[in-house]
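The values are calculated or read from the model by the stated rules, or taken from the named source; none is laboratory data. Fair warning: this is a prediction, and the values are worked out from it, not measured in the lab. Cβ: placed from backbone, ideal geometry, glycine included. Neighbour counts: every protein chain shown.
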Amino acid sequence: MDAVLFGLFAAGVHEYLRGVVGTAKPRVAGVGAGATGVGAVPGEIARLAAAWRVLLKQHALGADGRCVVCARAGVGWRRWFGWLPTRRRPGMCTVWQVAVAYFIRRSPAADP
């Protein structure tokens, strides 16, 4: 995948995560399922956004245009079956594909 295009997707995903954390409203103690006190919602959203950031950082593109984590995933079996051709092309791994699909793309039914 082109580094510029990936950079645009990455910026969009990180902007979405920052926006979600910034717009979370505190929940009043005892209201709603699973409320653990004032500020429970923003705290949980911030934790989820931080977890996504760490996961996406781990799955960054390497110099060859492939995910550094997913590119290593097939190393073990290639040692035993080195004669099998690999068809991995440069591009976003499934982690980034899910992030882009959920955080940047909008479903036509979801538009107001």
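A few comments on the model shown:
- Verdict on residue 10 being modelled with pLDDT of 85 or more, buried (at least 16 other Cβ atoms within 10 Å of the Cβ) and under 15 Å from residue 100 (Cβ atoms): yes
- Failed item in (1) on the phi > 0 side of the Ramachandran plot; (2) surrounded by 13 or more Cβ atoms within 10 Å (Cβ to Cβ); (3) at pLDDT below 75, with residue 32 passing the rest: (2)
- Condition check for residue 78: modelled with pLDDT under 65 and either under 20 Å from residue 4 (Cα atoms) or surrounded by 15 or more Cβ atoms within 10 Å (Cβ to Cβ) (or both): no
- Just one of (1) at pLDDT 85 or above; (2) among the aliphatic types (A, V, I, L, M); (3) surrounded by 14 or more Cβ atoms within 10 Å (Cβ to Cβ); (4) in a helix (DSSP H, G or I) fails for residue 41. It is (1).
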